[in-house]
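A.B. asks: The structure follows.
We did not get these values from a lab; they are worked out from the coordinates using the rules stated. Please read these numbers as outputs of a predicted model, since none were measured by experiment. We place every Cβ from the backbone using ideal geometry, glycine too, and count neighbours over all the protein chains shown.
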Amino acid sequence: MTAFDAMASTYDSKFTATRIGTMMRRAVWARCAARFAPGSRILEMNCGTGEDALWLAQRGVQVLATDVSPAMLRLAQDKLAASPSRVSATFRRLAWEELEAFDAGTFDGVLSNFGGLNCVSDLASCARALAAKLRPGAAAVLCIMGPAVPWEWVWFLSQGKPAAAFRRLKRDGAQWSGIAIHYPSVAETCRAFAQEFRLLRKCAIGALLPPPYTEKWLGRHPRLIAALDRMERRFETVWPLPMLADHYLLELERI
């Protein structure tokens, strides 16, 4: 069993269904709506429990959603089967490291949401493999955990946990359940993708809005959370918010 299999059963309750998690996902969906037209064929990497894939399918997008975790994929299939609307999505097991050998034709875009690329040690290799699967002009929407998160510093330092507060700043990444998690900066990711992709837009997902793990306490103040979300959406592209966010969202175009 992988670490992601182990967390599959609680992923939605701890993130997807939370107030903060919902706000973060809706912010990503707004950008997906701007980039992925109905009828387009989209590859989703690290799809998790299928929340994004089903939303895209409901918009008329053809989705091939993949994940490394069989347990996550089973939950995604269950969601699809239980969906009241007759939407269609395809789920398959695939790791980022297996993408180069993956043969499923050419796609009009790709989505990687909420940190899948943070599990990759060689972003440039992923960029080349991904570019080979996309038509010229295709959009890549990539949501990645950043290295500098003031909310996280304050949160964990207030609990006397400096190692947790600054774990993202370690040069070689942080260890989680036997997996090395890397936290590339916006500039580092853009450089890794620069040969095959052109940057269109970058924005913050969780800069003014606190991280989802604060929900148990800050979720008691829904008006404050809603106000922070509105403010973040208004200023999401303004420097330095993308560089100080729990996740940053890059929108790239295949050259």
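A.B. asks: Between the range 120-180 and the range 1-40, what is the C-alpha centre distance in whole Å?
C.D. replies: Going from one Cα centre to the other spans 16 Å.
A.B. asks: Hey, in the GNM for the chain with a 10 angstrom Cα cutoff, which one of Asp12, Asp103, Asp52 fluctuates hardest?
C.D. replies: Asp103
A.B. asks: Determine the calculated [θ] at 222 nm for the chain from helices alone, applying -39500 (n - 2.57) to every DSSP H run no shorter than 4 residues and normalising by the residue count; nearest 500 deg cm²/dmol.
C.D. replies: Details: 10 runs with 94 residues, N = 255.
Using -39500 (n - 2.57) per qualifying helix, the result is -10500 deg cm²/dmol.
A.B. asks: What net charge do the residues around Asp108 carry, taking every other residue with its C-beta under 15 Å from that of Asp108, with Lys and Arg at +1 and Asp and Glu at -1? All intermediate terms of the calculation are to be shown ahead of the outcome.
C.D. replies: Working: positive: Arg35, Arg41, Arg59, Lys133, Arg135, Arg254; negative: Glu44, Glu251, Glu253.
Residues close to Asp108 contribute a combined charge of +3.
A.B. asks: Pop the C-beta distance of Ile179 and Arg223 into the FRET formula with R0 = 51 Å and round what comes out to the nearest 0.05.
C.D. replies: 0.85
A.B. asks: Under 1.5 on a/c is rounded, so check that first for the range 162-235, then, if it is not, pick prolate when a/b is larger than b/c and oblate when it is not; a ≥ b ≥ c are the square roots of the alpha carbon gyration tensor eigenvalues.
C.D. replies: Working: a/c = 3.19, a/b = 1.27, b/c = 2.51.
Because a/c hits 1.5 or more and a/b fails to exceed b/c, the range 162-235 counts as oblate.
A.B. asks: With 10 angstrom as the radius, rank Val87, Val154 by how many other C-beta atoms surround their C-beta, starting from the fewest.
C.D. replies: Val154, Val87
A.B. asks: Within the chain, what is the number of lysine pairs with alpha carbons under 23 Å apart, leaving out pairs fewer than eight places apart on the same chain?
C.D. replies: On the way: Lys14/Lys79; Lys14/Lys161; Lys14/Lys216; Lys133/Lys202; Lys161/Lys170; Lys161/Lys216.
Number of lysine pairs found: 6.
A.B. asks: Counting only other residues whose beta carbon sits under 12 Å from that of Cys119, what net charge do I get with K and R as +1, D and E as -1?
C.D. replies: Computed value for this residue: -3.
A.B. asks: GNM, the chain, Cα, under 10 Å: largest mean-square fluctuation among Ser125, Ser83, Ser185?
C.D. replies: For the chain, modelled as a Gaussian network with Cα springs under 10 Å, the answer is Ser83.
A.B. asks: Once the other residues with Cβ under 14 Å from the Cβ of Ala129 are scored (Lys, Arg +1; Asp, Glu -1), what is the net sum?
C.D. replies: Value of the local net charge: -3.
A.B. asks: Here is a follow-up. Does the range 3-254 classify as rounded, prolate or oblate by the C-alpha gyration tensor (a ≥ b ≥ c root eigenvalues; a/c under 1.5 gives rounded; else a/b over b/c gives prolate, otherwise oblate)?
C.D. replies: On the way: a/c = 1.43, a/b = 1.26, b/c = 1.14.
Taking the square roots of the gyration eigenvalues as a ≥ b ≥ c, the range 3-254 is rounded.
A.B. asks: Continuing with this model, one more query. Please give the helix 19-35 orientation as an angle from the longest Cα principal axis of the chain, in degrees from 0 to 90, rounded to the nearest 10.
C.D. replies: For helix 19-35, the angle is close to 40 degrees.
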